[in-house]
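The values are calculated or read from the model by the stated rules, or taken from the named source; none is laboratory data. For clarity, every value in this text was computed on a predicted model and none was experimentally measured. Counting neighbours? That spans all protein chains shown, and the Cβs are built from the backbone with ideal geometry, glycine included.
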Amino acid sequence: MEKKNLDWANIGFGYHQTDLRYVSNYKDGAWDEGTLTPDATITLNECAGVLQYAQTVFEGLKAYTTVDGHIVTFRPDLNAERMESSAKRLEMPVFPKERFVDAIIQTVKANAAYVPPYGSGATLYIRPYMFGTNPVIGVKPASEYQFRVFTTPVGPYFKEGANPIVIKVSDFDRAAPHGTGHIKAGLNYAMSLHAIVTAHAEGFEENMYLDAATRTKVEETGGANFIFITKDNKLVTPKSDSILPSITRRSIVYVAKEYLGMEVEERPVYFDEVKDFAECGLCGTAAVISPVGKINDHGHEICFPSGMEAMGPVTKKLYDTLTGIQMGLIEAPEGWIQVIE
Ligand code: PLP
Ligand code: COI
């Protein structure tokens, strides 16, 4: 199959329309059989649940070309499970796990020409999502829904690529205790837009959100979880009920323990201890592992010893091992790699 002639190395993280997307509709209590369509547009009633009360959830994962030329995705079953918990929290029907994985496979196969070649630095980002489609004016869940999956080739999420970024401690809260921070709902991202625009205007790449109740604990950024490396090479990562359970972070924890023999602490992380860590990174599907060189706390800079020149040595080992597994250079744990073709 001939690849599209795109400038893979400079593609950035944006929307580039691909050929086919998957669509399934839910009505009268059941999902239809689903289909691939070339139509990238959606026509909705003006009063659709998603438009009035933001009833929408989504996922994000990637397809990779491995060193031996296969197209694979990484742990799509976990995206299906997380979308199930997101849907339940917003009173939406569940799109069954086997069908979710099948929809991913169908959509990636149909757009195989857009899966960037091995070693190009780009990947095919996959965006499954679901939203309420029928008119809703009293505050209640919709009764009809659409599930879709589209793909778009992407490069690094941050313009710095794998180089360290500078972030700021946000004065805005991302998620309330007992709220929706642990699910992937569009509403969490709508409320983060003012905070990210503000951070960008001030010259920062991202926000570090603290816990809304006490503002003493590290939560996450707008689109990634945190990992920290201690001076004695332990991996520390925040545990909180109001952060998204990142599949990348869960995979890094496993890789750190089982592949690199590291000690790992998943626990509340107080902002006061951040200054004592040796390395800091953001992890997620889009972010992969993006190193953080500095955190600006209201004008006071926390500078990690790993500096602004390159990824810290332990972060680099985690990055190389995780991406090595994704690209087929390192043997993956059972069930992590879904071969598409
Ligand atoms: N946290 C937030 C708020 C996110 O949007 C994402 C991206 O999906 C993540 C963390 C990372 O999650 P994952 O590793 O499953 O992509
Ligand atoms: C992802 O990493 O898949 C996300 O959804 C995060 C978003 C900031 C692009």
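Below, the figures for the structure above:
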{"quantity": "Qualifying positions in segment 66-98 - on the phi < 0 side of the Ramachandran plot and without any contact (Cβ under 8 Å) to a residue 60 or more places away in the chain", "calculated": "ALA80, GLU81, GLU84, ALA87, LYS88, MET92, VAL94, LYS97, GLU98"}
{"quantity": "Residue identified as surrounded by fewer than 18 Cβ atoms within 10 Å (Cβ to Cβ), more than 13 Å from ASN134 (Cα to Cα), away from ligand 1 (no atom under 16 Å from the Cβ) and in contact (Cβ under 8 Å) with a residue 40 or more places away in the chain among LEU36, LEU20, LEU44", "calculated": "LEU36"}
{"quantity": "Hey, PHE158 among the hydrophobic types (A, V, I, L, M, F, W, C), part of a strand (DSSP E or B), under 16 Å from the mean Cα position of the chain (by Cα) and under 24 Å from ALA224 (Cβ atoms) or not", "calculated": "no"}
{"quantity": "Some residue of segment 2-9 being away from ligand 1 (no atom under 16 Å from the Cβ), more than 27 Å from GLY324 (Cβ to Cβ) and either of a type outside the set (Val, Ile, Thr) or within 17 Å of the chain's Cα centre (by Cα) (or both)", "calculated": "yes"}
{"quantity": "Yes/no for SER251 being among the polar types (S, T, N, Q), under 22 Å from GLY60 (Cα atoms), within 11 Å of ligand 1 (Cβ to nearest atom) and touching a helix residue (DSSP H, G or I) at 6+ places or on another chain (Cβ under 9 Å)", "calculated": "yes"}
{"quantity": "Residues (closer than 24 Å to TYR125 by Cβ, outside any loop (DSSP other than H, G, I, E, B) and aromatic (Phe, Trp, Tyr)) located in segment 5-30", "calculated": "TRP8, TYR22"}
{"quantity": "Looking only at segment 218-239, and only at residues there that are surrounded by fewer than 19 Cβ atoms within 10 Å (Cβ to Cβ) and touching a residue at least 40 places away in the same chain (Cβ under 8 Å), the one that is farthest from ligand 2 (Cβ to nearest atom)", "calculated": "LYS231"}
{"quantity": "Subset of segment 59-115 [within 14 Å of ligand 1 (Cβ to nearest atom), in a helix (DSSP H, G or I) and polar (S, T, N, Q)]", "calculated": "ASN79, SER85, SER86"}
{"quantity": "Condition check for GLY60: away from ligand 2 (no atom under 16 Å from the Cβ) and buried (at least 16 other Cβ atoms within 10 Å of the Cβ)", "calculated": "no"}
{"quantity": "Residue match in segment 254-262 (condition: small (Gly, Ala, Ser), touching a Pro at 6+ places or on another chain (Cβ under 9 Å) and more than 14 Å from ligand 2 (Cβ to nearest atom))", "calculated": "no"}
{"quantity": "Which listed residue, of GLU205, GLU273, is modelled with pLDDT of 95 or more and either surrounded by fewer than 20 Cβ atoms within 10 Å (Cβ to Cβ) or of a type in the set (S, T, N, Q) (or both)", "calculated": "GLU273"}
